[in-house]
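Written out below as structure tokens is the structure these notes cover.
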Amino acid sequence: MENLSVGEVAKRCGVNVSALHFYERKGLISSARNTGNQRRYGRDIIRRVSLIKVAQQLGISLEEVKSVFESLPKYGAPSHAQWERLASHWQQQLDQRIALLQKLRDSLTGCIGCGCLSMQRCPLYNPHDEAAKKGSGPVFLLQDE
Ligand code: FES
């Protein structure tokens, strides 16, 4: 498989070269060096960087991505089985995040139990901030159904 320069990876993935250097410093991706001491990446790195980019757009921390990526081999393209293991490990966390995002979307015009008492429905759903007894933060959003 062809090796790519950092510029080629950056261009294909739509990220800055500095972002790739940052991901590498954080241990999210790895490169080899050519005889001129320049970074070279296997083409499979594009998939990892693409997943990092999407995860970041979804507000998933680099630390979380790193912990998920730790099940993958440091160099070379992961096998299908390795991607499957990663997926099963990450799926539950992603499902929880999706459920919370759906709740947030559906609750934007309603009372979320945060204690602000500023919405029309707050007196009905959270009279006198009764929700504070259940904990801190937007308790209606964070509580399990
Ligand atoms: S939205 Fe904040 S307490 Fe109702």
Which condition number in (1) open to solvent by 50 Å² or more (accessible area, probe 1.4 Å); (2) within 10 Å of the ligand (Cβ to nearest atom); (3) assigned to a helix (DSSP H, G or I) is the one that residue 141 fails?
(1)
Which numbered condition in (1) within 10 Å of the ligand (Cβ to nearest atom); (2) under 22 Å from the mean Cα position of the chain (by Cα); (3) surrounded by fewer than 15 Cβ atoms within 10 Å (Cβ to Cβ) is the only one that residue 101 fails?
(1)
Checked 39, 105, 97, 47 against criteria (among the charged types (D, E, K, R) and more than 28 Å from residue 14 (Cα to Cα)); the one match is 105
Restricting the first residue to the stretch 56-75 and requiring it to be under 13 Å from residue 90 (Cα atoms), which pairs with a second residue that is open to solvent by 60 Å² or more (accessible area, probe 1.4 Å) meet a Cβ separation below 6 Å and a spacing of at least six or different chains?
71/85
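The values are calculated or read from the model by the stated rules, or taken from the named source; none is laboratory data. The structure displayed is predicted, hence computed values, not measured ones. We place every Cβ from the backbone using ideal geometry, glycine too, and count neighbours over all the protein chains shown. Side chains are part of the model used for accessible areas, which takes the heavy atoms of the whole protein and leaves out ligands, DNA and RNA. Shrake-Rupley method; radii C 1.70, N 1.55, O 1.52, S 1.80 Å.
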